[in-house]
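**Q** Quick one: the structure is below, and I'll ask about it shortly.
Read-outs: derived from the displayed coordinates by stated rules, not from any lab. None of these values were measured; they are calculated from a predicted model. Neighbour counts are summed over all protein chains in view; Cβ atoms, including those assigned to glycine, are modelled from backbone coordinates with ideal geometry.
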Amino acid sequence: MLFVNSYYLIFILFIITFGFIFYLFRQAKQLSNLLKIILSLFIFISSGVMYYFSGSIVEINKLDKLKDSQKMVFAIISNLEDIVKKNPDDAKGWYLLGKMYLKINKDTQALEVLQNAYELDKDNINYQVQYFWTKFMMTNKLSSDEINILKKSLGKKITEKQRLDIERLIKEFNQN
């Protein structure tokens, strides 16, 4: 609402400013120098006000987009929660819910649901890496069995990103 009203204000200031410019040029011969200076100052100040409000509109627009994206994230989370409630064996649903929880910094809930995804499909590399990475970041530890699972995954057909993620996790583990 504020965003739309600000556009109207800028439009009105734009019309007034250019109206005075038109008037100034049309009446230039009949105006005193003092009045020309006053009108020029008014035009200058009006332009500054328009510039200020146009910057505010950009910031308001950014905030509106952020609020919209936050609403979308919470709507997605709500839908995913419904999905896994109706189908608790849906590993992908648990995985996606965990990723969304991570986006809103609900790390404890993320770890729980990522563990569900991993437990349901232990062979899925994405579930392994995301679960182990989240667990490691929260607890700063992994078991030797979990590291061995990751090392075995390096021998499987995986994408370059998955390989890099696993190697980075193992490297972080070995440094601690």
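**Q** Taking amide H atoms as placed 1.01 Å from N in the peptide plane, list the residues 5 or more away in sequence, or in a different chain, whose amide H sits under 5 Å from that of Asn124.
**A** none
**Q** Hey, how many Å between the Cα centroid of the stretch 100-120 and the Cα centroid of the stretch 136-176?
**A** 18
**Q** Let me know the Kirkwood hydrodynamic radius for the stretch 135-176, please, with Cα pairs as the basis and the value in Å to one decimal. Walk me through the numbers on the way to the answer.
**A** On the way: mean 1/r = 0.0944 Å⁻¹.
One over the average 1/r among Cα pairs gives 10.6 Å for the stretch 135-176.
**Q** What order do you get for Phe136, Phe74 when you list them from fewest to most C-beta neighbours inside 10 Å? Mind showing how you got there, number by number?
**A** Numbers: Phe136 17, Phe74 12.
Arranged by neighbour count, lowest to highest, Phe136, Phe74 become Phe74, Phe136.
**Q** Right, another one. When the distances between all Cα atoms of the stretch 88-176 are binned every 5 Å from zero, what whole-number percent does each bin get?
**A** 3, 16, 26, 24, 21, 8, 1, 0
**Q** Let me ask something else. With the cut-off at 22 Å, tell me which of the pairs Lys71/Lys135; Lys92/Lys157; Lys65/Lys161; Lys135/Lys171; Lys99/Lys135 have Cα atoms farther apart than that.
**A** Values: Lys71/Lys135 27 Å; Lys92/Lys157 20 Å; Lys65/Lys161 30 Å; Lys135/Lys171 15 Å; Lys99/Lys135 13 Å.
Lys71/Lys135; Lys65/Lys161, as the Cα separations exceed 22 Å there.
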